[in-house]
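This report concerns only the one structure given below.
Just so it is clear, none of the values below were taken in a lab; they were calculated from the coordinates. Computed from a predicted model, the values in this text were never measured in an experiment. Methodologically, a virtual Cβ is constructed for each residue, glycine included, from the backbone with ideal geometry; neighbour enumeration extends over all protein chains shown.
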Amino acid sequence: REEGAKREPQFRAEIEKRRAELQPKLLEAYNKLDETAQKILKSPAAEYIKQNPQVVTMAIIPALVAVGFPGATMLSSAVKAFGMVEMILPLIALLTIGSEMLSEAPIPQPARA
């Protein structure tokens, strides 16, 4: 549990270094999520995460792992081992980084006919 907290600055630095690569993949993954998962990822709040643990463990974390988001695989294993409540702070930290990246992503414009 403490390992994740210690490594958060390292994960943040890795994410910043790979931002150009990760941002479009994250946006694509975000667009495939259902509305509840999108809401959590866009505004990660402890209460909302606690109310929707299945969405987090079955949709959001796997999406972050699939795009290669630094720290997501470790967090996935930690949530399985210790549970959502024990890992809420590292989870919020990682989702906040993802949320920040999404808020800075260029919004695709619809194609003109």
Length added when fully stretched, Q54-K25, from 0.36 nm per residue minus Cα-Cα: 8.2 nm
The range 1-94, relative contact order [Cα under 8 Å, separation at least 6], %: 39
Ratio of Rg to Rh over the range 20-113 (Cα coordinates, Kirkwood Rh, two decimals): 0.99
From phi via Karplus (6.51, -1.76, 1.60), per-residue ³J(HN,Hα) for the range 23-40 in Hz, x at Gly/Pro: 4, x, 5, 5, 4, 5, 5, 4, 5, 8, 6, 6, 4, 5, 5, 4, 4, 5
Residue-averaged 222 nm ellipticity for the chain, from DSSP H runs of 4+ at -39500 (n - 2.57), nearest 500: -21000 deg cm²/dmol
Lysines whose Cα lies under 24 Å from that of K17, excluding same-chain neighbours fewer than 8 positions away: K6, K25, K42
Rough spin-label spacing in nm, given labels placed 7 Å along Cα→Cβ, for E86 and S103: 3.1
Phi-based couplings in Hz for the range 41-46 (Karplus 6.51, -1.76, 1.60; Gly and Pro marked x): 5, 6, 9, x, 10, 3
Interchain or long-range residues, amide H under 5 Å from F69's placed H: none
